[in-house]
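Taken together, the values in this text are just the output of simple stated rules run on the coordinates, not laboratory data. Note that the structure is a prediction, hence the values are computed from the model and not measured. Cβ atoms come from the backbone with ideal geometry, glycine included; neighbour counts cover every protein chain shown.
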Amino acid sequence: QSRSPSPAGHDVLTLRALVSTKDAGVIIGKAGKNVADLRDQTGVKAGVSKVIPGIHERVLTVSGSVEAVAKVRHPKYIKLG
């Protein structure tokens, strides 16, 4: 986790987590719908790294205000199994 000043002067929190390739697919959703909904509902910037052959994990990155990133951690937004 890291914090950096944003241009508007508000702190930006960036959360990075390793997720399985399967869970990354769930987070992204069909045609990117889940991650787009996550962005719309919380105001964060979110994305998952590209697939690397032979690697079974991807990096989930979520950036935004502390409050917005805290919302993302709620099971309502990211359900992993």
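Observations, loosely collected:
- What the Cβ-Cβ distance of K22 and A70 gives, at R0 = 22 Å and to the nearest 0.05, is a FRET efficiency of 0.30.
- Excluding same-chain neighbours fewer than eight residues apart, the aspartates and glutamates reachable from K22 by a Cα-Cα span under 14 Å are E57.
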